[in-house]
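Here's the structure we're looking at; comments come further down.
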Amino acid sequence: MSKWLIASIYRTRCKMKSSRLTALLSMIGVMVFALMVLSPKSAFAHSPDLPITEWNIQWIRADDRTATAPPEGGAWLPSGTGRPLTAIPEGAVGAWVRLVIPPTSAWNHPTLLIERLYGLDVSVYEEGRVVYRIKRNFDYERTKLLLPVAAKGDSTDVILRIESKTRAGLVSGARIGEFNAMSERFVRKELPDLLLGASIGFLAMIMILFTGYLSRRQRGPWVALSLIALSTSIILITYSPLPNIYFNEYGRIFQLLFDTSMCVLFPAFCFYVDSVFEGRYAFFTTFGRWLIGYCVCCFAIDVLYQVFGDPVYPIYRLFTGMIFAAWIFVELLMILVLSIMNAVRGNRDSIILSLGFLSLAIAGVADLILLFASHSMHVLFIWKYGVMLLIGSLVMILARRISADYAKLLSYSKELELYNHRLQRTEKMKIISDLAASVAHEVRNPMQVTRGYLQLLSSKTDEETKRQFSMAINELDRASTIITDFLTFAKPELDTIVPLNVKEEIQQIETIMSPLAAMHGGVLIVRIPDGLYINGNSSKFKQAFINMIKNSIEALQSEGIIEIEAFAEGDTAVIRVKDNGEGMDEGQIAKLGEPFFSTKSKGTGLGTMVTFRIIEVMKGTLEYRSTKGKGTEAIVRFPLVSRDQFQ
Ligand code: ADP
Ligand code: MG
């Protein structure tokens, strides 16, 4: 009974928790989705702007660095959104880019917007004059350009001089349009990343703050997850061009933060996943340790590069670029394979992790398809949803673990409480049985004598007095039942133990109890198969079942039905007494079997106690299930005896 009750309590609690968590996650997901998808579109809607998809480039040779104009007669290479040339070839330091601006007189304040530009030192020339320049002393090449141009009736050339380290030039083309629309677009497209980054960062901070409340076992994965969230947030923010444009002077710090976050993200991810696998794969644990070592080296090289600058650049690029990418590739591949292997075996956490990865893969593929379909105009962004979902899956796994721990704790404390309860009850029983044994016997004899005399006297008096005598005798009988109950409880030894045919016994009880049931407006329905035999004492068996059935009858409301059925289950005989009466609440069920517990005005509160005791002595068990207002079911189990044993 207790286990059944406890199990159902957890199930409802756990269900509640996971459903709330899922709702929360989906709400955040929908909000971010709306923000990311809607904001760039609304900018689109009001901008009657023109895209520029073709341009020309010339590489700037290292020995030609000082030139302030592209070499006369130099060969311009055609470039465009379909074939953006940005990788700087050997011997070059950057590129000259020539854009042809169409007539601009249609706009009040014509403005040129380049959304994806690679370059560290960018100058813009209009008619041979520098009209704009941005120069960076740090290595982040991605930037954007928003440049008002003169309103003209003819098309004009705009020349860009871009110096950079690895990439120089445009990727997804340029646009020309009204200043307001262009500047809105300039900022708006980057906002979702910044908001997303800031909110994940905020969450990470809160998670770190709560670390202290967790047990040691939970703390490791929790801290790892907080670090994953924190580093993802820093990567999102510092990778966005806006902070680097508006806070140019902090560019180096942003770069160091970005690199450090990369060095934290992947080892933390490895550690977290290792805890999901519960350290089952030793080689993965070892890989994680090596990765931490590698990332510490990378961090040291980052710092050296920030201090010593260019001389360290080749080492910096090698370690934080190519080799690191290889590490990440191996890590992700291993996690993917291991989590699928585990998921196939039915490990739920691994299934969630695999789904997180799957969504990242699908998002990545969707991005690539769009890129292909839009002839390289598309700027990759769907993968960010994938990252969100992956982080969501990590959060879900952790939440599941913590709630499982909580459920375990709850079960221990419930069991302890039950144990205490049972102990107290046993002690009470012992006191009562000692008391009962000493008193009951002494009282019963004088009572029997008194009853005899009362009967004798009643036959010699008039009708009126006879009625009073009969009332006195009834009360004496009631007292005697109570004493019998006490005696049964105190000395439940079964004088004669014989194999009992359950069907016969219950049929006899049915005959005795049916009239009482009818008086309370109820019926007894009995379904017992032949051939169920148990060991016991017939009169004690009857006493136990009569007590149970009597309680059921007393609990009946209108149209009461009491079903008594029995069946064999393995090597036990199961007898069920089920009524559709008033039922009991949890508190009442817990008190059942305690002496003097009764909710009836004339109840003794001894019946169930005696029933428990008799069934216990007959080596059986009794379990109650009840729902307030619906009914009660008493389930009795006795060891079965095969007929051959006594024939
Ligand atoms: P009594 O019948 O004298 O009250 P019992 O020990 O037989 O004492 O029962 C104790 C209490 O358990 C009852 O008062 C009643 O509240 C509750 N009870 C027992 N069986 C049932 C039942 N089938 N339906 C509802 N309540 C029950
Ligand atoms: Mg009773």
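The values are calculated or read from the model by the stated rules, or taken from the named source; none is laboratory data. In this text the structure is predicted, and so the values were computed from the model without any measurement. Counting neighbours? That spans all protein chains shown, and the Cβs are built from the backbone with ideal geometry, glycine included.
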When you scan segment 265-298, how many residues do you find that are surrounded by fewer than 19 Cβ atoms within 10 Å (Cβ to Cβ), under 30 Å from L355 (Cα atoms) and either acidic (D, E) or more than 24 Å from the chain's Cα centre (by Cα) (or both)?
-> 13
Does segment 351-361 include one or more residues that are assigned to a helix (DSSP H, G or I), without any contact (Cβ under 8 Å) to a residue 24 or more places away in the chain, in contact with a Ser or Thr (Cβ under 8 Å, 6 or more places away or on another chain) and within 22 Å of F266 (Cβ to Cβ)?
-> yes
Could you give me the residue pairs with C-beta distances under 9 Å whose first residue belongs to segment 539-552 and is touching a residue at least 40 places away in the same chain (Cβ under 8 Å), whose second residue is away from ligand 1 (no atom under 11 Å from the Cβ) and among the aromatic types (F, W, Y) wherever it lies, and which are 6+ apart or on separate chains?
-> none
Name, by its number, the condition in (1) of a type in the set (V, I, T); (2) more than 16 Å from ligand 1 (Cβ to nearest atom); (3) within 18 Å of R425 (Cβ to Cβ) that does not hold for V574.
-> (3)
Q588 meets each of (1) more than 9 Å from ligand 1 (Cβ to nearest atom); (2) assigned to a helix (DSSP H, G or I); (3) within 40 Å of the chain's Cα centre (by Cα) with one exception, condition (1)
List the number of the failed condition for N108; all other conditions in (1) touching a residue at least 60 places away in the same chain (Cβ under 8 Å); (2) not in a loop (DSSP other than H, G, I, E, B) hold.
-> (2)
If you go through segment 559-576, how many residues are among the acidic types (D, E) and not in a strand (DSSP E or B)?
-> 2
Checked segment 588-612 for anything under 15 Å from I635 (Cα atoms) and more than 10 Å from ligand 2 (Cβ to nearest atom); matches are I589, L592, G593, F612
Log entry, pairs with first residue in segment 623-636 being among the aromatic types (F, W, Y), second being surrounded by 23 or more Cβ atoms within 10 Å (Cβ to Cβ), beta carbons closer than 9 Å, six or more apart or on different chains, reads Y624/T632; Y624/A634
Which of (1) among the hydroxyl-bearing types (S, T, Y); (2) more than 16 Å from ligand 2 (Cβ to nearest atom); (3) buried (at least 19 other Cβ atoms within 10 Å of the Cβ) does T632 not meet, given it meets every other one?
-> (2)
Does segment 327-337 contain at least one residue that is free of Cβ contacts under 8 Å to residues at least 24 places away in the same chain, among the aromatic types (F, W, Y) and in the same structural domain as A282 (by TED's automatic domain parsing)?
-> yes
Selected residue (criterion: nearest to ligand 2 (Cβ to nearest atom)) from residues of segment 528-567 that are among the hydroxyl-bearing types (S, T, Y), touching a strand residue (DSSP E or B) at 6+ places or on another chain (Cβ under 7 Å) and over 17 Å from P515 (Cβ atoms) = S538
If you take the residues of segment 594-613 that are within 8 Å of ligand 1 (Cβ to nearest atom), among the small types (G, A, S) and surrounded by fewer than 19 Cβ atoms within 10 Å (Cβ to Cβ), which of them is farthest from I546 (Cα to Cα)?
-> S598
Could you count how many residues in segment 614-629 are loosely packed, with under 13 Cβ neighbours inside 10 Å and either within 8 Å of ligand 1 (Cβ to nearest atom) or closer than 23 Å to E475 by Cβ (or both)?
-> 0
